[in-house]
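**Q** Dropping a structure here in structure tokens format, bear with me for questions.
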Amino acid sequence: MEAFDVIIVGAGHAGAQAAASLRQFGFAGTIALLSEEPDLPYERPPLSKDYLAGARSFEAMLLRPAQFWEAKEIALKLGQRAVSIDPDAHVLNTDGGQAISYRSLIWAAGGAARPLSCTGHHLAGVHTVRTRADADRMRAELDGVQHAVVIGGGYIGLEAAAVLAKLGKSVTVVEMQDRVLARVAGETLSRFYEAEHARHGVTILLKTGVDCIEERDGKACGVRLADGSVLPADMVVVGIGIVPSAAVLLAAGAEGNNGVDVDAFCRTSLPDIYAIGDCAAHVNRFADGAKIRLESVQNAADQAAIAAKSILGAPAPYNAVPWFWSNQYDLRLQTIGLSAGFDLTVLRGDIAARSFSVVYLRAGQVIALDCVNATRDYVQGKALVMAGARVDPALLADAAVPLKQMMAAGA
Ligand SMILES: Cc1cc2nc3c(=O)[nH]c(=O)nc-3n(C[C@H](O)[C@H](O)[C@H](O)COP(=O)(O)OP(=O)(O)OC[C@H]3O[C@@H](n4cnc5c(N)ncnc54)[C@H](O)[C@@H]3O)c2cc1C
């Protein structure tokens with residue numbers, strides 16, 4: 001039986017970084033990185049941004065140069081899926097029938113795009129955007145697309161809508177909630193992005209449900225809405241979140257329901273098994289101590305380092321401040337902190353000038369900032385979020401006063 005000191009399942013942002021961090025921190029044992037995707041580890045965010053637009057090559061998305069893995073003696077096992085784990089025997093089984101033993105296992109399996117469940121969800125022309133293969137399928141069809149319907153007004157849906165609109169497609173976004181980005185941002189940001197998309201010719205339908213995808217010649221040709229009306233669509237993009245990939249680990253006895261539960265050191269309830277990235281449910285102090293999963297590159301990379309340190313016997317608790325970004329049109333949104341649970345928002349800057357920040361407060365403390373074309377606020381706001389600073393809202397609103405000057409007053 002093949003044996004590794006560490007086997008990492010999933011070669012996305014979290015898994016690839018875990019392997020790199022182990023080596024960076026001096027781990028000399030054997031490491032295998034197993035992934036069901038056939039590609040070298042790559043960045044996922046460009047899939048709904050410049051890669052989809054055809055403005056970035058796949059090579060430019062690689063997380064590390066191809067030779068890195070060999071140089072660092074990290075065995076890549078690509079195109080292989082972990083199907084079961086025997087946690088007592090410390091053995092993992094792959095879909096190719098291989099059994100691999102390990103001393104430590106890092107589960108970094110991310111999530112799969114949540115599919116639609118309505119009639120027609122399997123038709124050709126209906127896409128999710130999670131993998132390179134997904135984006136390649138979309139790109140291959142783009143020339144023949146006139147009408148695109150995006151289901152879901154979250155970041156991925158809106159980014160895809162922006163790319164499609166810039167490519168000259170007629171685009172409609174269908175959102176069930178009464179505003180876009182409802183899960184992740186306050187109303188100011190939602191209304192701003194709705195207006196920006198409208199300005200670029202994108203139609204946004206709010207409080208609108210989908211009944212089914214209509215078919216012609218085995219292919220999607222329209223989206224029937226809950227009110228019976230039909231939007232013509234040669235392409236349907238579904239951006240309604242992910243399902244964390246945790247079934248194998250849960251079947252092996254790990255605790256969790258929304259992903260896999262981990263402690264501050266990324267340890268699961270199973271011996272010598274860690275979980276990191278999109279699939280790891282953890283208590284996060286920036287979420288007011290709630291147990292959450294974060295779907296971000298920051299979380300994937302930071303938890304990877306935590307798991308590596310735990311394996312090296314130098315454990316350090318996960319305590320990183322969340323950050324995130326989204327690119328749509330010429331707008332660069334940068335988010336620091338988590339806004340869920342805010343009870344007050346303060347606007348800094350000028351929405352009309354398309355450069356502003358929304359500061360979120362809870363019980364008088366700064367918990368997050370959404371900064372649109374306002375990188376200085378993003379950089380300087382980090383200290384306020386980390387400290388949970390108490391700053392007079394009137395001062396926060398004064399864009400002439402840099403946020404870094406508010407630290408002394410507010411911490
Ligand atoms: C289109 C898109 C745009 C995004 N934009 C941003 C952004 O702008 N900013 C940001 O911070 N985040 C963004 N994200 C989120 C970010 O990419 C994820 O948070 C990050 O990729 C999570 O890393 P991960 O390693 O946990 O999971 P993933 O990157 O999903 O990697 C998991 C890997 O494990 C593999 N796998 C799953 N199950 C198994 C198994 N049983 N056996 C073997 N392999 C398996 C999967 O195929 C996958 O390759 C975006 C995501 C997408 C899809």
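**Q** Considering 276, 336, 292, 306, which residue is at pLDDT 95 or above, open to solvent by 20 Å² or more (accessible area, probe 1.4 Å) and within 14 Å of the ligand (Cβ to nearest atom)?
**A** 292
**Q** Quick check on residue 43: is it under 20 Å from residue 248 (Cα atoms), open to solvent by 40 Å² or more (accessible area, probe 1.4 Å) and within 13 Å of the ligand (Cβ to nearest atom)?
**A** For residue 43, the condition - under 20 Å from residue 248 (Cα atoms), open to solvent by 40 Å² or more (accessible area, probe 1.4 Å) and within 13 Å of the ligand (Cβ to nearest atom) - is not met.
**Q** Anything in the range 198-231 that is closer than 30 Å to residue 360 by Cα and in contact (Cβ under 8 Å) with a residue 60 or more places away in the chain? List them, or say none.
**A** Scanning the range 198-231 gives a single hit, 200.
**Q** Any residue in the range 127-140 that is charged (D, E, K, R) and under 22 Å from residue 280 (Cα atoms)?
**A** So in the range 127-140, the residues charged (D, E, K, R) come out as 130, 132, 134, 136-137, 139.
Then keep just the ones that are under 22 Å from residue 280 (Cα atoms); that gives 130.
Yes, the range 127-140 has at least one match.
**Q** Exactly one condition in (1) among the β-branched types (Val, Ile, Thr); (2) more than 16 Å from the ligand (Cβ to nearest atom); (3) surrounded by 19 or more Cβ atoms within 10 Å (Cβ to Cβ) is not met by residue 268; state its number.
**A** Here residue 268 meets the rest and fails (2).
**Q** Go through the residues of the range 95-103 one by one and say whether even a single one is among the β-branched types (Val, Ile, Thr), at pLDDT 95 or above and touching a Lys or Arg at 6+ places or on another chain (Cβ under 9 Å).
**A** Yes, there is a match, as at least one residue in the range 95-103 is among the β-branched types (Val, Ile, Thr), at pLDDT 95 or above and touching a Lys or Arg at 6+ places or on another chain (Cβ under 9 Å).
**Q** Taking the range 135-186 only, how many residues are touching a strand residue (DSSP E or B) at 6+ places or on another chain (Cβ under 9 Å) and free of Cβ contacts under 8 Å to residues at least 12 places away in the same chain?
**A** Final tally of qualifying residues: 1.
**Q** Can you tell me which residue in the range 134-159 is surrounded by the most Cβ atoms within 10 Å (Cβ to Cβ), limited to those that are more than 17 Å from the chain's Cα centre (by Cα) and small (Gly, Ala, Ser)?
**A** Within the range 134-159, the match that is surrounded by the most Cβ atoms within 10 Å (Cβ to Cβ) is 148.
**Q** Would you mind telling me which numbered condition in (1) closer than 20 Å to residue 19 by Cα; (2) surrounded by fewer than 15 Cβ atoms within 10 Å (Cβ to Cβ); (3) modelled with pLDDT of 95 or more residue 66 fails?
**A** (3)
**Q** For the range 13-34, which residues satisfy the criterion of being outside any helix (DSSP H, G or I), open to solvent by 10 Å² or more (accessible area, probe 1.4 Å) and either at negative phi or near the ligand (Cβ under 8 Å from one of its atoms) (or both)?
**A** 25, 27, 28, 29, 30
**Q** If you don't mind, another one. Is the range 314-322 home to any residue that is over 30 Å from residue 106 (Cβ atoms), at pLDDT 95 or above and of a type in the set (A, V, I, L, M)?
**A** no
**Q** Would you tally the residues in the range 78-125 being more than 16 Å from the ligand (Cβ to nearest atom), closer than 30 Å to residue 215 by Cβ and part of a strand (DSSP E or B)?
**A** Selection size over the range 78-125: 1.
**Q** Now, a different point. So which residues in the range 352-395 are under 24 Å from residue 192 (Cα atoms), aliphatic (A, V, I, L, M), open to solvent by 40 Å² or more (accessible area, probe 1.4 Å) and within 22 Å of the chain's Cα centre (by Cα)?
**A** 379, the sole residue that qualifies.
**Q** Out of 288, 272, 263, I need the residue that is in contact with a Ser or Thr (Cβ under 8 Å, 6 or more places away or on another chain) and charged (D, E, K, R). Which one? Break it down stepwise before answering.
**A** Details: 288 fails: in contact with a Ser or Thr (Cβ under 8 Å, 6 or more places away or on another chain); 263 fails: in contact with a Ser or Thr (Cβ under 8 Å, 6 or more places away or on another chain).
So the residue among 288, 272, 263 that is in contact with a Ser or Thr (Cβ under 8 Å, 6 or more places away or on another chain) and charged (D, E, K, R) is 272.
**Q** Within the range 309-333, count every residue that is more than 7 Å from the ligand (Cβ to nearest atom), in contact (Cβ under 8 Å) with a residue 60 or more places away in the chain and hydroxyl-bearing (Ser, Thr, Tyr).
**A** 1
The values are calculated or read from the model by the stated rules, or taken from the named source; none is laboratory data. In this text, all values refer to a predicted model and were calculated from it rather than measured experimentally. As a convention, Cβ positions derive from the backbone with ideal geometry for all residues, glycine included, and neighbour counts pool all protein chains shown. Only protein heavy atoms, including side chains, enter the accessible area calculation; ligands, DNA and RNA are left aside. Shrake-Rupley method; radii C 1.70, N 1.55, O 1.52, S 1.80 Å.
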